[in-house]
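Asker: One structure, pasted below without further comment.
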Amino acid sequence: MQLDMLVVGAGFAGIYQLYKAREAGMTVRVLEAGEGVGGTWFWNRYPGARCDVESLDYSYSFCRELEEEWEWTERYATQSEILSYINHVVDRFDLRRDIQLNTRVASAHFDEDRALWSVRSEDGEHLEAKFLVMATGQLSVPQKPDLHGLDDFKGQWYHSARWPMEGVDFTGQRVVLIGTGSSGVQMTPIIAAQASQLTVLQRTANFSVPAHNVPFTPESLKAAKARYPERRAMGREAITGVFLNANTKTAAEMTEDERIAELEYRWKGAGGGFRMLRAFADLMSNPQTNHLVAEFARNKIRAVVKDPRKAEILSPKGDLPFGAKRLCVDSNYYDTFNQNHVDIVDVAIDPIVEATPSGIRTQTREFACDAIVFATGFDAMTGALKSIDIRGERGISLRDKWKDGPTSYLGISIAGFPNLFVIAGPGSPSALSNVVHSIETHVDWIMRLLRTAQTRQVRRIAALQEAEDGWVHRCVEEANKTLYPKAKSWYMGSNIEGKPRVFMAFVSGVPLYRALIEEVASNNYQGFELA
Ligand code: NA7
């Protein structure tokens, strides 16, 4: 079958791409590995799973009626509510008939003579399309440590991103949880409420800020919706694509009292969450300012966690800048450790050695348990793209091209891979931004490019190598102005053994990024060859 466009992935990105391509009169099909739509929100069903961006922002902005009719129930939506929303969008816009589920793409090869992408699924199905859009997500390939002895473990084990559909009841069980990123931090209070014993194995203490999640009342939701256009407009002009009321002053421009008041306000009064990241204009670039905020956050942990041993383990170390690893946004995480049956273990100093039939063994101790939960994250940003055998011109493989880290032009196109586009992937604001906003920006931009191509009867759209080199250089330069590269984070590929250490996102914000891609479009798609 030959189509105008094939889209890989039916999460937020693939769904919007389908909507826009169909609107433009293209024949299009979405291939999705899961048995349902939703991408990351289909898979991540672990207890307590929620988005760390507020529901009113983490939603499509392309349709005012959709915004009006959908009723979010809480400031931060749960996984199941987001999944219901995505399914609603799919049905409302009659998109389901072009989404093929249970189809994992194995390979995509570019046929140069015919300027067509030839795509095969793992089941051997073959499809061809003029354009291939990779909407494969940033966090879709889970990583689980290769733990010796796990096959002999007599209990059950789970990964946060492959949670059983029917859920898990930990009532009365002894549980060992490995990992303290967002997933582990969100799960901890919920599992603690069921388990007889919860032991959290932590390799790196990360910063976590209170979500102050609240349910919407009919009045508060109505009031928020009345201001929706304004909210979206302010979000578009904010660095992460979400309005967080950024302080425009640096820490040095304020007095000590003003600084503390600002931090307290963001921690509590202003609503918590990622607002902390906008406490000072130089928070992510000035080590002194960052240290001030880190120390403030550490003091908050010490104030909540009564046992000084636990508090010390939970407090991030001085070499981790605040916010340089993705900030966790929690509900009662630290307070959970005040319960006697919940403990935290530093496996950086006492490393995990193996699983045994009865639990987990570290160098010095053994933790008997009935269940092991891995909240150990993902092969982020590049994992999904590299899991497919993608070959461009002259058979060049994306895996080879990206062996030292991902490269792209504008985070949208890859030199040597014509007519292939990546949505919200490496080299764009991606996971550093409100990703739904970034998705809409990318899809709209790609559709404009395709309209231009159609008018000019262009068959081949290819990023030039020198344009890609320039963009990669720019991304590195922007990242090096900040403290982000100082952390061992999944933004840097540091969570995967052997993965190249490269900062993978465009760090300087959504408004600048939009201006740059806009400039390329208005300069006759400078950096692209339209043949
Ligand atoms: P993250 O943020 O990558 O967190 C994974 C956690 O698992 C992190 O604490 C890791 O420690 C830990 N980890 C990973 N491998 C191991 C091993 N081998 N031993 C011990 N601990 C390990 O993934 P999440 O799923 O929590 O969140 C991903 C994103 O989803 C999040 O940022 C939000 O955007 C939503 P480390 O810090 O690497 O030392």
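Asker: Might you check whether a residue that is within 22 Å of the chain's Cα centre (by Cα), surrounded by 12 or more Cβ atoms within 10 Å (Cβ to Cβ) and more than 18 Å from Gly323 (Cα to Cα) occurs anywhere in the range 244-252?
Answerer: Checking the range 244-252: not a single residue is within 22 Å of the chain's Cα centre (by Cα), surrounded by 12 or more Cβ atoms within 10 Å (Cβ to Cβ) and more than 18 Å from Gly323 (Cα to Cα).
Asker: For the range 74-85, does any single residue satisfy the condition of being more than 23 Å from the chain's Cα centre (by Cα) and in contact (Cβ under 8 Å) with a residue 40 or more places away in the chain? Please lay out each step first, then the result.
Answerer: Narrowing the range 74-85 to residues more than 23 Å from the chain's Cα centre (by Cα): none.
Taking every residue of the range 74-85 in turn, none turns out to be more than 23 Å from the chain's Cα centre (by Cα) and in contact (Cβ under 8 Å) with a residue 40 or more places away in the chain.
Asker: Return the only residue of Gly25, Gly38, Gly48 being within 18 Å of the chain's Cα centre (by Cα), within 30 Å of Gly392 (Cβ to Cβ), of a type outside the set (Val, Ile, Thr) and not in a helix (DSSP H, G or I).
Answerer: Going through Gly25, Gly38, Gly48 in turn, just one is within 18 Å of the chain's Cα centre (by Cα), within 30 Å of Gly392 (Cβ to Cβ), of a type outside the set (Val, Ile, Thr) and not in a helix (DSSP H, G or I): Gly38.
Asker: Given the condition of a type in the set (D, E, K, R) and either over 24 Å from Ile190 (Cα atoms) or assigned by TED's automatic domain parsing to the domain that holds Ser428 (or both), answer yes or no: does some residue in the range 370-378 qualify?
Answerer: No: the range 370-378 contains no residue that is of a type in the set (D, E, K, R) and either over 24 Å from Ile190 (Cα atoms) or assigned by TED's automatic domain parsing to the domain that holds Ser428 (or both).
Asker: Also, I was wondering about something else. Kindly indicate which of Trp117, Trp157 is assigned to a strand (DSSP E or B), within 16 Å of the ligand (Cβ to nearest atom) and touching a strand residue (DSSP E or B) at 6+ places or on another chain (Cβ under 9 Å). Even if it seems obvious, please write down each step before you answer.
Answerer: Working: Trp117 fails: within 16 Å of the ligand (Cβ to nearest atom).
Of Trp117, Trp157, the one residue that is assigned to a strand (DSSP E or B), within 16 Å of the ligand (Cβ to nearest atom) and touching a strand residue (DSSP E or B) at 6+ places or on another chain (Cβ under 9 Å) is Trp157.
Asker: In the range 236-258, what residues are assigned to a helix (DSSP H, G or I) and in contact with a Leu (Cβ under 7 Å, 6 or more places away or on another chain)?
Answerer: Ala251
Asker: Restricting to the range 43-62, name every residue that is touching a Leu at 6+ places or on another chain (Cβ under 9 Å) and surrounded by fewer than 21 Cβ atoms within 10 Å (Cβ to Cβ).
Answerer: Result: Arg45, Asp52, Tyr60.
Asker: Among the listed residues Ser183, Ser196, which satisfies the condition of being of a type in the set (Gly, Ala, Ser) and within 16 Å of the ligand (Cβ to nearest atom)?
Answerer: That would be Ser183, the only listed residue that is of a type in the set (Gly, Ala, Ser) and within 16 Å of the ligand (Cβ to nearest atom).
Asker: More than 16 Å from the ligand (Cβ to nearest atom) and closer than 30 Å to Asn206 by Cβ: is that true of Val476 in this structure?
Answerer: Working: more than 16 Å from the ligand (Cβ to nearest atom): yes; closer than 30 Å to Asn206 by Cβ: yes.
In short, yes.
Asker: Got a number for residues in the range 373-412 being more than 16 Å from the ligand (Cβ to nearest atom) and part of a loop (DSSP other than H, G, I, E, B)?
Answerer: Of the residues in that region, 14 qualify.
Asker: Quick one: count up the residues across the range 201-219 that are away from the ligand (no atom under 16 Å from the Cβ) and assigned to a loop (DSSP other than H, G, I, E, B).
Answerer: Residues that pass the stated criteria total 4.
Asker: Could I ask something else about it? When you scan the range 88-95, do you find a residue that is among the aromatic types (Phe, Trp, Tyr), assigned to a loop (DSSP other than H, G, I, E, B), farther than 29 Å from Ala195 by Cβ and in contact with a helix residue (DSSP H, G or I) (Cβ under 9 Å, 6 or more places away or on another chain), even just one?
Answerer: Yes: the range 88-95 contains one or more residues that are among the aromatic types (Phe, Trp, Tyr), assigned to a loop (DSSP other than H, G, I, E, B), farther than 29 Å from Ala195 by Cβ and in contact with a helix residue (DSSP H, G or I) (Cβ under 9 Å, 6 or more places away or on another chain).
Asker: Would you mention how many residues in the range 357-391 are without any contact (Cβ under 8 Å) to a residue 24 or more places away in the chain and within 26 Å of Glu122 (Cα to Cα)?
Answerer: Of the residues in that region, 1 qualify.
Asker: Given the condition over 30 Å from Tyr60 (Cα atoms) and not assigned by TED's automatic domain parsing to the domain that holds Thr441, answer yes or no: does some residue in the range 211-233 qualify? Give the steps one after another, and end with the answer.
Answerer: Step one: list which residues in the range 211-233 are over 30 Å from Tyr60 (Cα atoms), which gives none.
No, the range 211-233 contains no residue that is over 30 Å from Tyr60 (Cα atoms) and not assigned by TED's automatic domain parsing to the domain that holds Thr441.
Asker: Also: Quick one: count up the residues across the range 120-154 that are within 16 Å of the ligand (Cβ to nearest atom), out of contact with any helix residue (DSSP H, G or I) (no Cβ under 6 Å at 6 or more places or on another chain) and either outside any loop (DSSP other than H, G, I, E, B) or of a type in the set (Phe, Trp, Tyr) (or both). If you could, list the steps in order and put the result at the bottom.
Answerer: Residues of the range 120-154 within 16 Å of the ligand (Cβ to nearest atom): 136-150, 153.
Now narrow it down to the ones that are out of contact with any helix residue (DSSP H, G or I) (no Cβ under 6 Å at 6 or more places or on another chain): 143-150, 153.
Okay, now just the ones that are also either outside any loop (DSSP other than H, G, I, E, B) or of a type in the set (Phe, Trp, Tyr) (or both), so 150, 153.
Result for the range 120-154: 2.
Asker: I'm trying to understand the selection: among the residues of the range 435-460, which are surrounded by 16 or more Cβ atoms within 10 Å (Cβ to Cβ) and more than 15 Å from Ser413 (Cβ to Cβ)?
Answerer: Val435, Val436, His437, Ser438, Ile439, Glu440
Asker: Here's another thing I want to ask about it. Could you count how many residues in the range 300-334 are outside any strand (DSSP E or B) and touching a residue at least 60 places away in the same chain (Cβ under 8 Å)?
Answerer: 18
Asker: Checking the condition away from the ligand (no atom under 16 Å from the Cβ), assigned by TED's automatic domain parsing to the domain that holds Gln156 and surrounded by 20 or more Cβ atoms within 10 Å (Cβ to Cβ), which residue from Arg309, Arg266, Arg302 passes?
Answerer: Arg266
Asker: Turning to a different aspect of this structure: Which one of Asp335, Asp350 is within 16 Å of the ligand (Cβ to nearest atom) and outside the structural domain of Val422 (by TED's automatic domain parsing)?
Answerer: Of the residues listed, the single one that is within 16 Å of the ligand (Cβ to nearest atom) and outside the structural domain of Val422 (by TED's automatic domain parsing) is Asp350.
Asker: Enumerate the pairs (first residue in the range 425-437 and touching a residue at least 24 places away in the same chain (Cβ under 8 Å); second residue anywhere and in a helix (DSSP H, G or I) and among the hydrophobic types (A, V, I, L, M, F, W, C)) with beta-carbon separation below 6 Å, excluding pairs fewer than 6 apart on the same chain, so at least 6 apart or on different chains.
Answerer: Gly427/Cys475; Pro429/Val510; Ser433/Val510; Val436/Phe12
Asker: List pairs: first residue in the range 443-462 and free of Cβ contacts under 8 Å to residues at least 12 places away in the same chain, second residue part of a helix (DSSP H, G or I) anywhere in the structure, Cβ distance under 9 angstrom, at least six positions apart or on different chains.
Answerer: none
Asker: Given the conditions (1) assigned to a loop (DSSP other than H, G, I, E, B); (2) away from the ligand (no atom under 16 Å from the Cβ); (3) touching a Leu at 6+ places or on another chain (Cβ under 9 Å); (4) more than 22 Å from Arg232 (Cα to Cα), report the number of the one that Trp72 does not fulfil.
Answerer: Condition (4) is where Trp72 drops out.
Asker: Pairs under 7 Å by beta carbon, first residue farther than 15 Å from Val175 by Cβ in the range 337-349, partner within 15 Å of the ligand (Cβ to nearest atom) and among the polar types (S, T, N, Q), six or more apart or different chains?
Answerer: Filtered contacts from the range 337-349: Asp346/Gln202; Val347/Gln202; Val347/Thr362; Ala348/Thr204.
The values are calculated or read from the model by the stated rules, or taken from the named source; none is laboratory data. Fair warning: this is a prediction, and the values are worked out from it, not measured in the lab. Here Cβ is always computed from backbone atoms with ideal geometry, including for glycine, and neighbour counts include all displayed protein chains.
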